[in-house]
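Reading through the structure tokens given below for one structure.
The numbers here are math on the coordinates, done by the rules we state, and not lab data. Quick caveat, the model's predicted, so the values are computed rather than measured. Please note: Cβ atoms are built from the backbone with ideal geometry, for glycine as well, and neighbour counts cover all protein chains shown.
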Amino acid sequence: MFRTLAVATTLGALGATTALAQGIDVKLGVLNDRSGVYADLSGEGSVVAARMAVEDFGAAAKGLNVTIISADHQNKPDIGSNIARQWYDADGVNAILDVPTSSVALAVADITAEKNGVMINSGAGSTALTREQCRPTTVHWTYDTAALASGTGKNMTDAGGKKWFFLTADYAFGHSLEENTIAVVEANGGEVVGKVNVPFPAQDFSSFLLQAQGSGADVIGLANAGGDTVNAIKQASEFGITQAGQKLAALLFFVTDVHALGPQTAQGLSLTEAFYWDQNDQTRAWSERFMAIHGKQPTMVQAGVYSGTLAYLAAVQAVGSAKDGAAVVAKMKEADIQDPLFGTVKVRGDGRATHDMYLFEVKSPDQSTGEWDLYTQVSTISGEDAFLPMLDECDFTKK
Amino acid sequence: MMFELLGIPPQVLMGQLLLGLINGSFYAVLSLGLAVIFGLLNIINFAHGALYMMGAFVAWMLLNYFGIGYWWALILAPLMVGAFGIVLERTMLSRLYKLDHLYGLLLTFGLALIIQGLFRNYYGISGLPYQIPAALSGGTNLGFMFLPNYRAWVVVASAVVCFGAWFMIEKTRLGAYLRAATENPTLVGAFGINVPLLVMLTYGFGVALAGFAGVLAAPIYSVNPNMGADLIIVVFAVVVIGGMGSIMGAILTGYMLGLVEGLARVFYPEGSAVVIFVIMAIVLLIRPEGLCGRAA
């Protein structure tokens, strides 16, 4: 008995040594939008972030042979699914990173579970990833629609914006964001006085803005993203809506969007993000390196790809292999992670990574000292308050 | 409220109609350019949306690289985009006149993808900021709605340009040459008129109209590489409804469909993006040559 154990241990140790000498092969696939509306907030920048993570982790010195590949899912679930299958089946990819656009992310989550890979999602917003469609191989790192609502929605209702009118992008993401925000608004004593489902994508919001103006709402909630939000804000200012005292709530807005709008038009907007480049010395130092390579400041999605990759590689190293995706994700859930950009991150049993979220206000042109000096931090929302509580049936650490 | 129409107060309806007219102005200028190019060159110019986008970007570049403001951009950007169009016409399109329409369509479609791809590569997808010129900021309260001065300007500018283009093509000697050159280029050439030059200038003019619409759009819409791709399909529908190649048809249909779309946004917003295509389908079924088109 004892002898068998001793032999087994020796063999195990030998095996471990060989594995270390040969290194652990890890193949990462960055799957995101490289040409469409989300290309600036994810795109090539996310690939840059993943490469920086591999370098900063010191993968080579720690015996990990990491390769990174990338592809464009064009925001289409069928294309995203095909690439994910190809990556897992033929190309030996161990983990898929980023995956913005909720519909694509949900499709890739299922394939990942089926193939026992890993999806570290940074770009998508749907809470379904860790609720209705939770999977043991999913980690949802950066944000979700509930966290956005808990920041911007709560803050604006508390500040006196009791009556809300929603302009909602007429697809899954918009409706999810609207629903989460309505829940927060109503929980804080606000009410919804009207809403319009706006076809996606839209150039002209003037008709819808006029309806919102006529509704007598205090706050116009923009449950849309990217170019749609930029257009809506630009035109709200043009039609004197913001000047007349109605406030706009940009429920999903990235630093690249604010940059596109310029502080002249965007000033005073409040918005929720998980990361801003100019928060502390560590974020500034990292962002400076990112900027040197990519030419733009990182978005929270790109920062999330970096941090998610760091955490994933640490778990792979601890497990000793990248082959069993569920085991690697289980390892990520074991202890709190100290992350250079997101602070203390806890990956819950359902795969939701919780961390602080921040409420920012866009600076006025006088306050802004540079092209990317765009936000003032207003408050911090703790991870417990920001994200929805875990559903019992999604707690994979209990199974 | 004295009376309401389907639960919508008349003030709101007036406001929405006015907004529809403003959007119709963009459709009119863009579809006019397409109709001119199709009517006189027989080219289905799929690059029109990309050239509209270029107009907006050129305005942004003039401002940010050279400090040239909106008013000069309104003249310079269409000229520059028009010149770019002339280069395209000389080097590529002119080789296709003898071939089927399909080749021109494929070529211009490919060009549109290349132009958009290049801009996306250099400027990203999020777009660039462009402010409303100081002289036109602010607005007027009309009682039933707040009309931004810039939107009023858009309606006036587009109406003037549309009327000017129609007058030039239908009522002047130059326009008569143009129309004759499309009917029978050989004969018109025999009278000593430089037909290739006319055709080249016509394409340049149609493209310049797209550039002009782009500058008009820059302060109110997001200036990004896809701005034209989103619009061009609607504009094609407008041209088809108006009757391919009909100048007046394109202008009138542009304004009219802007109005219809504005109404759809009040009564059934979810359907506002498809209403134009529904109308197109109906028109094609009942009157395939379009509302103002001449039967072939």
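List of remarks:
- 20 Å binning of all Cα-Cα separations within chain A, expressed as whole percents from 0 upward: 28, 55, 14, 2, 0
- When only the Cβ of Lys, Arg, Asp and Glu is charged (+1, +1, -1, -1), the dipole of region A:323-399 relative to its Cα centre reaches about 440 debye.
- Listed residues B:M227, B:M14, B:M256, most fluctuating in chain B (Gaussian network, C-alpha, under 10 Å): B:M14
- Cα long-axis angle, helix A:77-89 against chain A (0 to 90 degrees, to the nearest 10): 10
- Residue exposure sequence - A:M291, B:M53 - by fewest surrounding Cβ within 10 Å: A:M291, B:M53
- Placing unit charges on the Cβ atoms of the charged side chains and taking the dipole of the protein assembly as shown about its Cα centre, the candidate lying farthest along the positive direction among B:I68, B:T140, B:I193 is B:I193.
- FRET efficiency, B:L79 to A:Y171 (Cβ-Cβ, R0 60 Å, nearest 0.05): 0.90
- Straight-line cross-link reach from A:K163 at under 20 Å between alpha-carbon atoms covers these lysines, not counting any fewer than eight positions away in the same chain: A:K154, A:K195, A:K247.
- Look at where the Cα atoms of region A:111-152 and of region A:293-354 average out, and the two centres are 13 Å apart.
- The GluC sites (Glu not before Pro) found in region A:310-399 that occupy coil by DSSP, while having at most 12 further C-beta atoms within 10 Å, are A:E334, A:E371.
- Legend: ranking of residues A:H355, A:H294 from fewest to most surrounding C-beta atoms inside 10 Å; resulting order A:H294, A:H355.
- Near the amide H of A:S70, within less than 5 Å, lie the amide hydrogens of A:V30, all on another chain or at least 5 residues away, with H placed in the peptide plane.
- Length available on full extension from B:L197 to B:F163: 0.36 nm per residue minus the Cα-Cα distance, which gives 9.9 nm.
- Mean separation of Cα contacts under 8 Å (6+ apart) over length of region A:118-219, as relative contact order %: 28
- Relative contact order (%) - chain B, alpha-carbon pairs under 8 angstrom, separation at least six: 37
- For A:K162, the aspartates and glutamates whose Cα comes closer than 12 Å to its Cα, not counting residues fewer than 8 places off in the same chain, are A:E186, A:E191, A:D218.
- Label-point gap, in nm, between A:E191 and A:A292 - each point 7 angstrom along Cα→Cβ: 5.7
- Cα→Cβ-extended label distance, 7 Å offset, between B:W71 and A:T369, nm: 3.7
- Using the Cβ of A:V362 as centre and a radius below 15 Å, the other residues enclosed give a net charge of -4, where K and R count +1 and D and E count -1.
- Derived from the Cα gyration tensor, the three semi-axes of the equivalent ellipsoid of the protein assembly as shown are 50, 31, 22 Å, largest first.
- With a Förster radius of 51 Å applied to the beta-carbon distance between A:T344 and B:F109, the computed FRET efficiency rounds to 0.50.
- Region A:30-119: relative contact order in percent, alpha carbon pairs under 8 Å with at least 6 residues between: 33
- Student exercise, chain A dipole from Lys, Arg, Asp, Glu Cβ charges, in Debye to nearest 20: 900
- Prolate/oblate/rounded call for region B:1-107, Cα gyration tensor, a/c under 1.5 rounded: oblate
- Put simply, the amide H of A:K195, placed in the peptide plane, has neighbours under 5 Å in A:F166, leaving out anything fewer than 5 places away on its chain.
- Taking label positions 7 Å along the Cα-Cβ direction at both B:H101 and B:W153, the computed distance is 3.8 nm, reported to one decimal.
- In this structure, the residue pairs whose Cα-Cα separation is over 18 Å, taken from A:K76/A:K115; A:K27/A:K323; A:K27/A:K333, are A:K76/A:K115; A:K27/A:K333.
- For region B:81-87, 3J(HN,Hα) computed residue by residue from phi via the Karplus equation (6.51, -1.76, 1.60; θ = phi - 60°) reads 5, x, 4, 4, x, 4, 4 Hz, glycine and proline entered as x.
- The simple Förster model, with R0 at 56 Å and r as the Cβ-Cβ distance, assigns A:D395 and B:N141 a FRET efficiency of 0.45.
- Among A:A147, A:G383, A:A330 the positive-end extreme of the charge dipole of chain A (Cβ point charges): A:A330
- With K and R counted +1 and D and E -1, the other residues having a Cβ less than 13 Å from that of A:S270 yield a net charge of 0.
- What the pair-distance distribution of region A:151-260 shows, using all Cα-Cα distances binned every 5 Å from zero, is 2, 13, 26, 27, 21, 9, 1 percent.
- A dipole drawn for the protein assembly as shown from +1 and -1 charges on Cβ atoms has a positive end, and of A:S270, A:G370, A:G194 the residue lying farthest that way is A:G370.
- Given charges at beta-carbon only (K, R positive; D, E negative), |dipole| of chain B in Debye: 480
- No disulfide-compatible partner, judged by a Cβ distance under 4.7 Å, exists for the following cysteines of the protein assembly as shown: B:C162, B:C292.
- Other protein chain C-beta atoms within 10 Å of residue C-beta, averaged over B:257-265: 2.
- Amide H to amide H distances under 5 Å link A:D25 with A:N65, where only residues 5 or more positions off or on other chains count and H is placed in the peptide plane.
- Proximal charge balance of A:L97 [Cβ under 12 Å; K/R count +1, D/E count -1]: +1
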